[in-house]
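Heads up: the structure comes next, in structure tokens.
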Amino acid sequence: MDIQNHAAIVTGGASGLGEASARALAAKGAKVTLFDMNEERGRQVAQDIGGRFARVDVSSEADVQNGLATSVDAHGPVRILVNCAGIAIGMKTVGRGEPHPLEAFEKVLKVNLVGTFNCIRLVAVQMGTTEPLEGGERGAIVCTASVAAFEGQIGQVAYAASKAGVAGMTLPIARDLSRSGIRVNTIAPGLFKTPMMASLPQEVQAALGASVPYPQRLGDPGEYAKLAVHLIENQYCNGETIRLDGALRMAPK
């Protein structure tokens, strides 16, 4: 897909991987709408790239419908969706004799997994009504899993489960949407310098970066964005989950 002049939605677009993706898409000529809960930062990023912002809880049907309407009203039919919205917690299945709080587990799954599916299902309906492009293509979707989907660490049970769900649903959704000419791919990032990572002490960041085989550093969000752009542009990429981790394999802790 030629990104130029197409409307795109990026969830979690106010920071980290989402912000980098939004900026990369705008640089390619896309008309971008950001979905995020951080209204102040989201509006600033949208202003920087000449896009739009919508305050959206991705797990809410009403919020996503309203955000989609904002995008369509401003930019026309949506052709591109990049799902980066997500949260993480650190809790063991049993910690100090207490069970993992069920509501905390459910919240992570609701945002990371249900929220990703919620955006896909609602945006895909709109994508499916658009005129086909070259090769019959109508849209391209990129989701965000994590290497934790495959090597979840101690205390990552909720996060790993949610990201494994994103990876697991990629192929069946790609197959579901194939008749509509909509492609779906997922990126599974390793250790990236997101705002969450940047909040850690420098020595901790350096140690984490040194654990990556090559290059021995944290990933840059711009590197995620480059892969997201490629997956959108390369029509034969479909139904795939791609690790982006410098050959890292996570240890138990």
Per the Kirkwood formula on distinct C-alpha pairs, the Rh of segment 1-58 is how many angstrom? 10.7 Å
Please list, by residue number, every one of the GluC sites (Glu not before Pro) in segment 172-253 that is coil in DSSP and has at most 16 other beta-carbon atoms within 10 Å. Glu240
Scalar couplings 3J(HN,Hα) for segment 68-78 by Karplus 6.51 cos²θ - 1.76 cosθ + 1.60 (θ = phi - 60°), nearest whole Hz, x for Gly and Pro, are 4, 4, 4, 5, 5, 4, 7, 10, x, x, 7
If contacts are Cα pairs under 8 angstrom and at least 6 residues apart, what is the relative contact order of the chain in percent? 20 percent
Under-5 Å amide H pairs with Phe192, H placed in peptide plane, nonlocal only: Gly219
DSSP bridge pairs, the chain: antiparallel proportion in percent, nearest 5: 5 percent
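Using only C-alpha atoms and all pairs of different ones, pull out the Kirkwood radius for segment 46-125 in Å with one decimal.
14.4 Å
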What is the ratio of the Cα radius of gyration of segment 1-143 to 2.2 N^0.38 Å, with N the residue count, to two decimals? 1.12
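Mean shadow of segment 111-175, computed from the convex hull of its alpha carbons, in nm²?
Result: 4.8 nm².
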Against the 2.2 N^0.38 Å scaling, with N counting residues, where does segment 11-92 land? I'd like the Cα-based Rg ratio to two decimal places. 1.06
Within 10 Å of each residue's Cβ, count the other Cβ atoms and sort Glu137, Glu106 from fewest upward. Glu106, Glu137
In a GNM of the chain with a 10 Å cut-off on Cα contacts, which of Ser59, Ser162, Ser21 has the highest mean-square fluctuation? Ser59
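So, with +1 on the Cβ of K and R and -1 on the Cβ of D and E, and no other charges, what is the size of the charge dipole of the chain about its Cα centre, to the nearest 20 debye?
340 debye
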Placing one identical point scatterer on every Cα of segment 169-233 and ignoring solvent, what is log10 I(q)/I(0) from the Debye formula at q = 0.12, 0.14, 0.15 Å⁻¹? -0.45, -0.56, -0.61
Charged-residue dipole, Cβ positions (Lys, Arg, Asp, Glu), segment 1-149 about Cα centre, Debye nearest 20: 220 debye
Cβ neighbours within 10 Å, averaged per peptide: list 72-82, 32-42 in order, most packed at the top. 32-42, 72-82
Suppose every K and R has +1 on its Cβ and every D and E has -1 on its Cβ; what is the size of the dipole of segment 131-253 about the Cα centre, in Debye to the nearest 20? 300 debye
Mind checking segment 154-253 for chymotrypsin sites (Phe, Trp or Tyr not before Pro) that DSSP puts in a loop (not H, G, I, E or B) and that have at most 16 other Cβ atoms within 10 Å? Tyr236
Karplus-derived 3J(HN,Hα), 6.51/-1.76/1.60, for each residue of segment 242-253, Hz, glycine and proline x: 10, 6, 9, 8, x, 6, 6, 10, 6, 7, x, 7
Counting just the Cα atoms, what span does segment 129-239 cover along each of its three principal axes? Round to the nearest Å and put the largest first. 52, 27, 23
Quick check: convex hull of the Cα atoms in the chain, volume per residue, rounded to a whole Å³? 120 Å³
log10 I(q)/I(0) for segment 147-187, Debye formula on C-alpha points only (no solvent), q = 0.18, 0.19 Å⁻¹, two decimals, reads -0.53, -0.57
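Read-outs: derived from the displayed coordinates by stated rules, not from any lab. Because the structure is a prediction, the values reported are computed rather than measured. Reconstructed Cβ throughout: ideal geometry from the backbone, glycine too, with neighbour counts over all protein chains shown.
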